[in-house]
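Quick notes on the structure that follows.
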Number of protein chains: 2
Amino acid sequence: MNENPTRTVFFISDGTGITAETLGHSLLAQFPEMRFKQVRLPFVDSVTKARDCATRIRTAGKEDGARPIVINSLVEPDVVAALRHADALFLDLFERFIEPLENELGQRSTHTVGRFHGIADSLDYKDRIEAINFTLAHDDGVSHAELEAADVILVGVSRSGKTPTSLYLAMQFGVKAANYPLIPEDFERNKLPTELHKYRRKLFGLTISPERLAQIRQERRPDSTYADLDNCRFEIDMAQRLMQREHIPWLDSTARSIEEISTKIMQDVHLNKRGY
Amino acid sequence: MNENPTRTVFFISDGTGITAETLGHSLLAQFPEMRFKQVRLPFVDSVTKARDCATRIRTAGKEDGARPIVINSLVEPDVVAALRHADALFLDLFERFIEPLENELGQRSTHTVGRFHGIADSLDYKDRIEAINFTLAHDDGVSHAELEAADVILVGVSRSGKTPTSLYLAMQFGVKAANYPLIPEDFERNKLPTELHKYRRKLFGLTISPERLAQIRQERRPDSTYADLDNCRFEIDMAQRLMQREHIPWLDSTARSIEEISTKIMQDVHLNKRGY
């Protein structure tokens with residue numbers, strides 16, 4: 001008999017379910033010894049669809065031999081009721097958080113948790129799309145045009161994590177993040193690229209361990225000078241000296257996720273987006 | 001007297017706070033008539049830092065003339081206790097969700113909600129970074145190499161939303177999303193680009209309203225044929241006919257966010273990432 005059967009976890013929403021899923025991933029990560037099968041069921045906006053979900057929940061419970069877990073952001077009472085015909089542990093975003101908020105604010109909510117309808121028209125959303133386009137146009141130093149409009153400019157040696165971090169900053173926080181490589185020519189001159197001088201206050205550096213960098217570069221260009229460990233050590237050492245001398249704040253990306261790096265950048269450069 | 005004073009909302013975490021914030025945005029969107037000032041306080045991993053947070057909460061409460069709202073994913077009891085010295089409405093992810101999960105699973109959690117430490121080493125994370133690199137290398141049809149490895153290939157006219165959607169699919173879901181423009185030459189030949197024939201089952205189309213497309217293109221290349229409304233109408237009409245004849249599923253991106261579009265694509269093409 002298996003003491004820890006696989007549990008199926010459903011993320012259910014009348015919208016994309018991304019809120020329920022983000023919370024769900026954090027919660028499930030708390031139980032590293034359990035095995036979870038995760039199922040996203042978005043756009044459940046009718047009693048009929050909720051009934052189909054209830055059937056899927058029941059089936060999963062039978063197959064697993066343990067009742068499923070449902071993290072849901074549904075709000076329509078009829079839809080919720082149809083869902084609850086299945087046997088499961090229901091973790092309900094609405095019930096747990098909206099009610100205390102309604103009491104606190106003395107206002108009824110609009111009952112649309114999880115719905116992203118209308119978001120595409122919001123200013124926030126337009127900012128994010130604009131930031132993504134800006135970041136793509138200013139990846140890897142390809143364009144110096146409009147660097148004035150950048151909220152932050154990441155610098156660092158090739159493959160130190162600048163591109164995915166820039167994109168995450170744009171996508172999650174609506175930050176216009178350009179990035180600019182530090183290359184051997186800069187180290188020979190021992191100076192920042194000329195284009196960056198006047199944006200010194202927007203610069204943020206990324207560094208990485210030589211071993212990790214050599215590994216990443218090796219996948220790209222096997223057995224090249226570019227990927228050679230000694231060369232990686234040299235480039236990183238020179239880049240760090242340069243950043244230190246120019247008083248550029250920097251961070252080691254080696255053991256950090258793009259979420260962590262981006263959050264630290266937001267904190268350090270006091271980016272004032274969305275009223276933070 | 002102001003009946004609806006601005007409320008300050010704090011997202012507090014010992015990690016990035018992105019989970020607390022994602023949930024928070026969904027909840028606050030329920031109260032469109034309220035004005036909120038949002039403050040992210042990440043990496044609160046000591047009693048000292050929690051005391052600083054409590055001071056900030058108190059100050060905000062005085063300034064607003066209303067007690068703040070705190071959405072927090074802290075778990076250390078001492079740290080939580082230090083935070084709770086301030087007067088606020090506390091919405092606590094741990095208390096509300098972890099306890100019922102522990103009871104259900106018959107296991108203690110590792111008490112690390114909100115922490116992203118270690119995520120950079122996970123397989124999921126590596127998949128996401130690999131997907132981002134793949135997507136960037138296969139944006140706008142720039143490379144046909146390794147299209148075999150794509151999970152999905154988005155097609156559509158220029159500026160129909162392919163690029164931000166591809167990046168979101170990669171970043172959020174770890175999906176390798178290539179994208180490929182449908183251009184006037186394709187319409188003249190009235191055929192799919194040759195390179196795409198053998199990947200027909202991976203194709204997903206995006207379309208957009210001619211008015212919105214003309215507006216977006218106008219910002220890029222003012223008063224060009226490219227941005228002309230009649231030309232946009234023609235391109236979209238041809239693209240839709242092509243997709244229909246080739247049995248490519250498609251979606252109108254006009255009033256949808258990249259979150260919505262991406263979720264629908266995940267659903268429609270039955271992408272099996274992360275065990276979904």
- Task: Could you list which residues have their amide H under 5 Å from that of B:Leu91, counting only those 5 or more apart in sequence or on another chain, with H placed in the peptide plane?
- Result: B:Val70, B:Ile71, B:Asn72
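Defining a contact as two alpha carbons under 8 Å apart and six or more residues distant in sequence, what relative contact order in percent does chain B show? Numbers along the way, then the final one.
Working: 433 pairs, mean separation 39.2, N = 276.
For chain B, the relative contact order is 14 percent.
Could I get the Rg over Rh figure for the stretch A:178-217? Both from C-alpha atoms, Rh via Kirkwood, rounded to two places.
On the way: Rg = 12.1 Å, Rh = 11.8 Å.
Dividing the radius of gyration by the Kirkwood radius yields 1.02.
What is the gain in length, in nm to one decimal, between A:Glu63 and A:Ala137 on full extension, counting 0.36 nm per residue of separation less the C-alpha to C-alpha distance?
21.7 nm
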- Where in the stretch B:154-192 are there trypsin sites (Lys or Arg not before Pro) that are in a DSSP coil and have at most 14 other Cβ atoms within 10 angstrom of their Cβ? B:Lys191
- Give me the number: length gained by fully extending A:Asp78 to A:Thr6, i.e. 0.36 nm times residue separation minus the C-alpha to C-alpha distance, one decimal in nm. 22.9 nm
- For the stretch B:7-105, average projected area of the Cα convex hull in nm²: 6.3 nm²
- Item | For chain A, built as a Gaussian network whose Cα springs stay under 10 Å, the top-fluctuating residue of A:Pro32, A:Pro210, A:Pro184 | A:Pro32
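What is the percent of Cα-Cα separations in the protein assembly as shown that go past 40 Å? The partial results should precede the final answer.
Details: 42871 of 152076 pairs.
Of all Cα-Cα pairs in the protein assembly as shown, 28 percent lie more than 40 Å apart.
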- Taking GluC sites (Glu not before Pro) that fall in a DSSP loop and have at most 12 other Cβ atoms within 10 Å as cut points, what is the longest piece of chain B between them? B:147-276
- Item | Label-point gap, in nm, between A:Thr254 and A:Asp52 - each point 7 angstrom along Cα→Cβ | 5.0 nm
- Task: Express the relative contact order of the stretch B:55-161 as a whole percentage, based on alpha carbon pairs under 8 Å and six or more residues apart in sequence.
- Result: 19 percent
- Message: To make sure I understand, if each residue's beta carbon is the centre and we count other beta carbons within 10 Å, what order do A:Met238, A:Met243 fall in, fewest to most?
- Response: A:Met238, A:Met243
- Task: Determine ³J(HN,Hα), in whole Hz, for all residues of the stretch A:212-217 in sequence, where each value follows from phi through the Karplus function 6.51 cos²θ - 1.76 cosθ + 1.60 and θ = phi - 60°; x replaces Gly and Pro.
- Result: 5, 4, 4, 4, 5, 5
- Message: Here is the link list: A:Lys126/B:Lys37; A:Lys49/A:Lys126; A:Lys191/A:Lys264; A:Lys49/B:Lys191; A:Lys176/B:Lys176. Which ones come out longer than 29 Å on Cα distance?
- Response: A:Lys49/A:Lys126; A:Lys49/B:Lys191
- Rough spin-label spacing in nm, given labels placed 7 Å along Cα→Cβ, for B:His144 and B:Asp268: 2.5 nm
- Query: Gap in Å between the Cα centre of the stretch B:228-243 and the Cα centre of the stretch A:25-85?
  - Reply: 41 Å
- Rounded to the nearest 0.05, FRET efficiency between A:Glu195 and A:Asp237 (Cβ-Cβ, R0 22 Å) equals 0.40
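Over the Cα atoms of chain A, what is the Rg over Rh ratio if Rh follows Kirkwood?
Values: Rg = 24.0 Å, Rh = 22.0 Å.
Across chain A, the Cα-based Rg/Rh ratio is 1.09.
Return the calculated 222 nm mean residue ellipticity for chain A, to the nearest 500 deg cm²/dmol, obtained by summing -39500 (n - 2.57) across DSSP H runs with n ≥ 4 and dividing by the residue count. Walk me through the numbers before you get to the answer.
Details: 10 runs with 115 residues, N = 276.
So the helix-based figure for chain A works out to -13000 deg cm²/dmol.
Read-outs throughout are calculated quantities, based only on the coordinates presented, and are distinct from any laboratory measurement. The model shown is predicted, which means the values in this text are computed figures rather than measured ones. Backbone-built Cβ (ideal geometry, glycine too); neighbour counts: all protein chains shown.
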